[in-house]
Amino acid sequence: MNVAEAPSANPPQTTSAPLDKYDPGDMPVDGRYHQIPQLLDAIEQRLAEVIEADRRASESFWEKIKRFFANPVDFLMRQRSFKAQTDALVAAARMSVSVLRSVCRVVTDKLHVPEQLKAEHDSWYKAYQQVQTVAESAPNREQVDGWQGAAAEAYTRLARLQTASCWELNKRAVIMCVCYRLAYHLNLNGFNAVHDILQEVLKSTHGLGGSSSYASTRRMMGMIWAAVARIFMTYRMAETGARSIEATVRAAEGAFAHTKESWPALKQR
């Protein structure tokens, strides 16, 4: 589009409103959530150790009480009944780990997201810094003293459009910076919360094992299911925050509406 084809509508007037300001604040890099896959492996290994310790304790217990049964058949029936119950318990305990892994896949499949969100924030912050410099001086370039005529009017029209564009980009950049910063903290805190829940499970298993009734296996399974419930709750709270951020981002997409209406060529972008 050359200058002669500039739209004939009145050019946007120079805005006198102050530029929006943005301070990125503290964006800590805390990547302990990267240990989540290792914690899941450790929990599964720890459960296997607890099950094995309970199995040995159970076998020792039944061997000790065997002599108290006058009828060997009665002993075998009781032992088989107990084994059927404990086999079902062990299967349920192992299933709890599978469910835990499945729930955590929401995080383990997206371990790159926090860093990606921070990079997007930093990119928009750079845009914010650049547009601040341009926008602050743009009004001074809208007119050239002593220059008149059609060419001068066309120049002023485009210069004012640039000024309006800078103000709109300033507002959009601030909104995007805020949204990406919030999204970064939301994901970082959520991912690290999952890490902390798993670490708590692992620490709580200290001293478990060696129960002839498989009480340790049952207790660890309960810990795992409780962790699953807490992780689900963490996801639910994060989703509520994410929906709010997404709505704000969608609203920010209209930040260039004035510019696009003033310059038809931009409507294609």
Taking only pairs six or more apart or across chains, which ones have beta-carbon atoms under 9 Å, a first residue in region 175-195 that is more than 13 Å from SER123 (Cα to Cα), and a second residue that is basic (Lys, Arg) and not in a helix (DSSP H, G or I)? ASN187/LYS110; PHE191/LYS110
Condition check for VAL201: buried (at least 17 other Cβ atoms within 10 Å of the Cβ) and under 20 Å from PRO37 (Cα atoms): yes
Which of the residues that make up region 112-160 are within 19 Å of CYS179 (Cα to Cα) and small (Gly, Ala, Ser)? ALA119, SER123, ALA127
Listed residues GLU168, GLU136; which is in contact with a His (Cβ under 8 Å, 6 or more places away or on another chain), in contact (Cβ under 8 Å) with a residue 12 or more places away in the chain and charged (D, E, K, R)? GLU168
Looking at region 143-165, is at least one residue in contact with a Ser or Thr (Cβ under 6 Å, 6 or more places away or on another chain) and not in a helix (DSSP H, G or I)? yes
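Does region 94-114 hold any residues that are in a helix (DSSP H, G or I) and without any contact (Cβ under 8 Å) to a residue 24 or more places away in the chain, and which are they?
Of everything in region 94-114, those that are in a helix (DSSP H, G or I) and without any contact (Cβ under 8 Å) to a residue 24 or more places away in the chain turn out to be MET95, SER98, SER102, ARG105.
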Can you tell which of GLY207, GLY222 is over 18 Å from ALA91 (Cα atoms), more than 21 Å from the chain's Cα centre (by Cα) and exposed (fewer than 15 other Cβ atoms within 10 Å of the Cβ)? GLY207
Does region 230-255 hold any residues that are of a type outside the set (D, E, K, R) and at pLDDT 85 or above, and which are they? ILE231, PHE232, MET233, THR234, TYR235, MET237, ALA238, THR240, GLY241, ALA242, SER244, ILE245
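Return the residues of region 15-32 that are among the hydroxyl-bearing types (Ser, Thr, Tyr) and at pLDDT below 80; say none if nothing qualifies.
In the first step, residues of region 15-32 are kept if they are among the hydroxyl-bearing types (Ser, Thr, Tyr); the result is 15-16, 22.
THR15, SER16, listed by residue number.
Taking the condition under 36 Å from the mean Cα position of the chain (by Cα), among the hydroxyl-bearing types (Ser, Thr, Tyr), surrounded by fewer than 17 Cβ atoms within 10 Å (Cβ to Cβ) and closer than 23 Å to TYR235 by Cβ, does SER98 pass? Walk me through how you get there before you give the answer.
On the way: under 36 Å from the mean Cα position of the chain (by Cα): yes; among the hydroxyl-bearing types (Ser, Thr, Tyr): yes; surrounded by fewer than 17 Cβ atoms within 10 Å (Cβ to Cβ): yes; closer than 23 Å to TYR235 by Cβ: yes.
When the stated conditions are applied, SER98 passes them.
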Filter region 56-81 for residues that are at pLDDT 90 or above and in contact with a Ser or Thr (Cβ under 8 Å, 6 or more places away or on another chain); the one that is surrounded by the fewest Cβ atoms within 10 Å (Cβ to Cβ) is SER60
Determine the pairs where a residue that is within 15 Å of HIS195 (Cα to Cα), located within region 13-38, has a partner that is in a loop (DSSP other than H, G, I, E, B) and at pLDDT 85 or above with Cβ atoms under 7 Å apart, the partner being 6 or more residues away or on another chain. TYR33/LEU111; HIS34/LEU111
May I ask you to list the residues in region 126-171 that are modelled with pLDDT of 90 or more and crowded, with 20+ Cβ neighbours inside 10 Å? TYR128
For region 117-143, the count of residues that are under 17 Å from PRO18 (Cβ atoms) and of a type in the set (A, V, I, L, M) equals 4
With the requirement that a residue be basic (Lys, Arg) and more than 53 Å from the chain's Cα centre (by Cα), what does region 43-91 give you? LYS64, LYS66, ARG67
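The values are calculated or read from the model by the stated rules, or taken from the named source; none is laboratory data. These numbers were taken from a predicted model, which means no experiment stands behind them. Every residue, glycine as well, gets a Cβ built from its backbone with ideal geometry; the counts of neighbours run over all protein chains shown.
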